[in-house]
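Notes follow the structure.
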Amino acid sequence: MATFVLVPGAWLGAWAWEDTARALREHGHTVLPLTLTGVAERAEEGGPQTDLDTHIADITDFVEKNDLREVTLVAHSYAAAPVSGAAGRLGERLERVVYVDSAPFAAGMRMLDLMPPEVADQLGQQVTARGDGWRLSMSFLEVLGLSSSLDGLDQGQRDVLSARTTPQPFGTYTQRLTGPAEPGPGVDCVLIACNDFRALLDAGVPMLAFLNQAPWRRFDLSTGHWPMLSAPGELADVLHAAVS
């Protein structure tokens, strides 16, 4: 059985993994969802200084302080950035890395690089307009026109997402990944692609072409960007299959 460390995407805490974690435990796995600094129940721990390095340290410290071994590290969405950094630092503790509707970051990348410059500027303006100057609200999805990412969520689930998300420390989007960003030799590399991301992969987008090749193993889910909410059981089944 595997030891899963589940890292949520932006605005989310460990709570988002509850149903998937329960299903994985029913398969017999050890499952440890993680909340990153400045978000959810750890919102008060964040501040203008909270950045990508903070979240990388959250993950590596959690694994090391709990003396976890043969870890399957799972990244949803934004978490691809700190998980990529942590994967390069965890060495022999890491058995497998799984990117859920996301892809690994290379050294020098940052979240804002995934957006057109004018959109990145809009997000910076939105953060400034909040008053505190360091947190990004989930409403930025409207700026990106990503309403299709909500596919698969019924109204009740959308209400939960709206009610329980908290603003994301913007430093996690502006800081570039530094240091090692590649997992060690022999680490299993897994991709779980949902609707929109699957379409990009199937379209042959050049920057994503490596994900369709060895050593990557790809699994597809027919749902939107938040499968732990829209299809938690199905996501657990895929994660179980990936480690079996």
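Points to keep in mind about this one:
- Extension gain, V205 back to R69 (0.36 nm per residue minus Cα-Cα distance, nm): 45.4 nm
- Shape category assigned to the range 80-126 from the gyration tensor of Cα positions, a/c cut at 1.5: prolate
- Taking every C-alpha pair closer than 8 Å and separated by at least 6 residues, the mean separation divided by the residue count of the range 3-243 gives a relative contact order of 26 percent.
- Between the listed residues F105, A120, H240, the Cα displaced farthest toward the positive end of the dipole of the chain, a dipole computed from Cβ unit charges relative to the Cα centre, is found at F105.
- For the pair A43 and E234, the difference between a 0.36 nm per residue extended length and the Cα-Cα distance amounts to 65.8 nm.
- Most fluctuating residue given options M109, M228, M207, as computed from a GNM of the chain linking Cα atoms under 10 Å: M207
- Here the 3J(HN,Hα) profile of the range 116-127, calculated from phi with Karplus coefficients 6.51, -1.76 and 1.60 at θ = phi - 60°, is x, x, 5, 6, 4, 5, 4, 5, x, 5, 5, 4 Hz, Gly and Pro shown as x.
- FRET efficiency for the E92 to R176 pair, using the beta carbon distance and R₀ = 35 Å, is estimated at 0.85.
- A simple spin-label model places pseudo-atoms 7 Å from Cα toward Cβ; at Q157 and M138 they are separated by 1.3 nm.
- Largest GNM mean-square fluctuation among E45, E118, E92, using the chain with Cα springs under 10 Å: E118.
- For R176, neighbours were defined as the other residues whose beta-carbon sits under 11 Å from its Cβ, and their charges (Lys and Arg +1, Asp and Glu -1) total -2.
- The trypsin sites (Lys or Arg not before Pro) of the range 64-167 meeting both criteria, a DSSP state outside H, G, I, E and B (loop) and at most 15 other C-beta atoms within 10 angstrom of the site's C-beta, are R69, R130.
- For A80, net neighbour charge (Lys/Arg +1, Asp/Glu -1) across residues whose Cβ lies under 13 Å away: -1
- Net charge of neighbours whose Cβ lies under 15 Å from the Cβ of L211, counting Lys and Arg as +1 and Asp and Glu as -1: -3
- Unit charges on C-beta of K, R, D, E only; dipole of the chain, Debye: 220
- Within the range 3-243, percent of DSSP bridges classed antiparallel, to nearest 5: 5
Rule-based calculations on the coordinates, nothing more; no lab input. Being a predicted model, the structure only gives us computed values, none of them experimental. Because the Cβ atoms are built from the backbone with ideal geometry, glycine has one as well, and the counts that use them run over all protein chains shown.
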